[in-house]
1. So B:Phe227 ticks every box in (1) assigned to a helix (DSSP H, G or I); (2) within 14 Å of another protein chain (Cβ to nearest Cβ) but one. Which box is left unticked?
2. Are there any pairs with C-beta distances below 7 angstrom linking a residue in the stretch A:84-107 that is in a helix (DSSP H, G or I) to a residue that is surrounded by 10 or more Cβ atoms within 10 Å (Cβ to Cβ), with the two at least 6 apart or on different chains, and if so which?
3. Can you pull out every residue in the stretch B:36-69 that is surrounded by fewer than 18 Cβ atoms within 10 Å (Cβ to Cβ), within 14 Å of chain C (Cβ to nearest Cβ) and part of a helix (DSSP H, G or I)?
4. State whether the residues of the stretch B:285-304 include one that is at pLDDT below 85, of a type outside the set (Gly, Ala, Ser) and not in a helix (DSSP H, G or I).
5. Mind checking whether some residue in the stretch C:71-94 is over 14 Å from C:Arg38 (Cα atoms), within 16 Å of the chain's Cα centre (by Cα) and buried (at least 16 other Cβ atoms within 10 Å of the Cβ)?
6. Across the stretch A:1-33, what is the total count of residues that are surrounded by fewer than 17 Cβ atoms within 10 Å (Cβ to Cβ) and among the aromatic types (Phe, Trp, Tyr)?
7. Report whether or not B:Leu140 is free of Cβ contacts under 8 Å to residues at least 24 places away in the same chain, in contact with a Pro (Cβ under 9 Å, 6 or more places away or on another chain) and either crowded, with 19+ Cβ neighbours inside 10 Å or on the phi > 0 side of the Ramachandran plot (or both).
8. Quickly run through the stretch B:127-150 and pick out the residues that are more than 8 Å from every other protein chain (Cβ to nearest Cβ) and either hydroxyl-bearing (Ser, Thr, Tyr) or over 20 Å from B:Phe227 (Cα atoms) (or both).
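The values are calculated or read from the model by the stated rules, or taken from the named source; none is laboratory data. Every value quoted in this text rests on a predicted model; they were computed, and no experiment measured them. Cβ placement follows ideal geometry from the backbone for every residue including glycine, while neighbour counts extend to all protein chains displayed.
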Amino acid sequence: MTGAFYLASLVAAVSTGLVITSLNAVHALLYLIVSFLAVAVVFFILGAPFIAMLEIIIYAGAIMVLFVFVVMMLNLGRRAIEQEAGWLTPKIWIGPSILSATLLGELLYLFGSGILSQAGGITVQAPKQVSVVLLGPYLVGVELASMLLLPGLVGAYHVGRQLKSEDA
Amino acid sequence: MNETASKLLIIIGVLVTLLTLSALLIWLERRLLGFWQERYGPNRVGPFGLLQVVADMIKIFMKEDWVPPFADKVVFVIAPAVIIVTILMSFAVVPFTPSIVVADLNVGLLFFLAMSSLSAYSVVLAGWASNNKYSLLGGLRASAQMLSYEVFMGLSLMGVVMLAGSFSLQDIVKAQQGVWFCIPQILGFVIFLIAGLAETKRIPFDIPEAEAELVAGFHTEYSGMKFGMFFVGEYLGVILISAMITVLFFGGWQGPWLPPVVWFSIKTFLFICLFILLRAALPRLRFDQLMGFGWKVMLPLALVNLAVTGALVLVGHPLE
Amino acid sequence: MLKLLKGIWLVFLHAFTRPVTVQYPEEKPYLPPRWRGRIILSRDPDGEERCVGCYLCSVACPVGCIALQATEDEHGRRYPAWFRINFSRCIFCGYCEEACPTYAIQLTTDFEMSEHDRRNLVYEKEHLLISGTGKYPGYNFYRVSGVRIGGKDKGEAEHEASPTDLRSLMP
């Protein structure tokens with residue numbers, strides 16, 4: 001199990017790196033999907049199958065399809081790739097990489113210090129427990145999220161409505 | 001060790017059975033379509049034309065496996081594999097009998113939904129990688145269609161989950177001991193049937209490949225075994241959706257007298273025939289009709305079904 | 001919605017009707033005698049070739065698939081030295097049969113003439129010529145026409161008056 005965990009994590013890290021470096025937009029999105037799948041496997045191994053499945057259904061299955069849809073419609077050709085190549089100069093990537101390296105160092109320090117290992121063994125969380133927690137102590141969070149989604153829905157309807165008066 | 005061996009045997013058995021069946025389904029579909037159109041269908045090769053499948057296989061293996069020079073080669077090759085892999089993965093959670101199931105996950109239903117949402121990529125990427133206008137249009141249509149129909153496909157199943165109180169397919173089948181879920185969840189069944197038709201991209205929802213307008217849509221550029229993969233993938237999808245309808249709404253392997261695997265096969269077979277009948281009888285929808293039907297009719301219906309089921313379950317069993 | 005279900009039910013009922021398909025190689029369809037199929041050259045009741053090598057069929061052919069070379073035997077009777085029909089070009093229109101003054105060239109009810117090699121569709125005279133009379137059993141061109149050949153002078157054909165003797169004063 002530990003081996004599978006590290007393998008999945010490695011795949012997630014590498015594919016995320018490739019998302020940043022690949023010049024073709026669709027290829028970048030595909031690597032992002034692979035990264036999501038790997039993260040889902042990590043969740044699964046950590047005993048959260050419900051979250052793993054939601055990760056695939058919502059992120060990899062729904063949102064990324066939309067992304068791919070839009071990128072396909074934009075029809076980025078060879079020129080866009082050349083433009084992207086121009087953007088990926090050391091001057092641009094050196095700042096963010098220093099910042100992420102700092103974060104990575106912090107993470108490694110935390111792993112090394114042994115604080116995280118006190119959490120104990122892995123217990124598989126059934127969907128029922130997840131929902132009990134969500135609609136119990138975290139009810140306010142769920143309600144807040146739904147309130148956030150409602151304006152999104154209304155906004156989408158507003159943007160997508162047909163202007164009948166302007167046609168005439 | 002013994003357990004591992006039996007597990008391996010189940011996996012290999014399921015794989016071989018499914019691939020054989022999906023090939024035979026090509027023959028079955030052509031024969032049944034023939035009967036419903038007052039002709040015979042393939043009846044020349046072997047008894048009842050059964051060896052037609054073998055002949056087709058030989059032909060498709062011998063064909064040139066051509067990758068167009070203008071295509072995105074890696075994605076072009078990956079796309080047909082994705083559909084087969086995701087659908088075969090979905091079969092891992094399907095309980096064929098109480099004992100024959102590859103993996104009885106406690107989130108089995110969600111796993112099925114996840115895999116079916118991933119199978120959308122196959123079509124989308126095939127359309128994009130072919131670098132062909134018709135294919136791209138097919139891919140765009142596929143992504144919009146699969147995305148919309150997935151939403152209420154998931155919602156229509158939540159009523160079943162509420163009644164069974166579990167995402168595990170084995171538990172769902174066991175919960176249908178008394179009455180099959182197609183009776184309390186008749187609306188959910190109809191919605192899932194329609195969404196399943198759309199997910200397998202079959203007539204009347206086959207606008208991603210629409211032979212009449214898009215040549216063959218997303219697989220215009222595919223030839224040889226890569227085309228064969230899409231072909232087999234479609235029939236595997238039909239088997240999968242039929243099996244899922246059986247498991248979720250028609251009591252799975254349950255039934256009197258006969259052994260469970262026979263019951264499961266009979267029910268699944270009937271639904272496969274229903275799929276083929278729909279293909280014989282219905283015309284193709286237009287794209288805007290399809291989207292309008294999905295978002296304006298099916299989604300509200302699924303939500304109403306969900307709300308009513310939830311209320312009834314709450315009245316029947318107040319919170320423990 | 002109900003209409004859809006009714007349509008599906010109607011299609012389902014078709015499962016119980018007999019297929020209309022004719023199982024071709026075992027079950028041959030009826031072909032009328034004037035069917036325009038493979039072209040043949042017929043003989044007259046005496047067993048002689050009917051073709052007189054007039055080239056009318058070759059001229060009438062819209063696709064130009066008929067070629068022949070006329071010649072004469074020692075009695076002055078014309079016949080084709082060679083006769084060639086390219087069936088890979090032939091459109092089976094039947095114009096050659098209509099043009100033929102001697103009922104020599106005829107179309108038959110045979111249509112199963114596919115070949116693996118296209119060159120095999122070029123039929124020579126020995127492939128075309130049959131030993132029978134075809135559709136017109138009693139007809140013999142030289143016996144009813146006024147043409148003179150060896151062994152038959154003018155006026156000796158059936159229903160033919162003797163030619164007028166220009167040197168005679170009698171009516």
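1. Single failed check for B:Phe227: (2).
2. A:Glu84/A:Leu23; A:Ala85/A:Leu23
3. Passing the criteria: only B:Phe48.
4. For the stretch B:285-304, residues at pLDDT below 85, of a type outside the set (Gly, Ala, Ser) and not in a helix (DSSP H, G or I): present.
5. The answer is yes, given that some residue of the stretch C:71-94 is over 14 Å from C:Arg38 (Cα atoms), within 16 Å of the chain's Cα centre (by Cα) and buried (at least 16 other Cβ atoms within 10 Å of the Cβ).
6. Summing the residues that are surrounded by fewer than 17 Cβ atoms within 10 Å (Cβ to Cβ) and among the aromatic types (Phe, Trp, Tyr) in the stretch A:1-33 gives 2.
7. yes
8. Across the stretch B:127-150, the qualifying residues are B:Ser130, B:Tyr134, B:Ser135, B:Gln145, B:Ser148, B:Tyr149.
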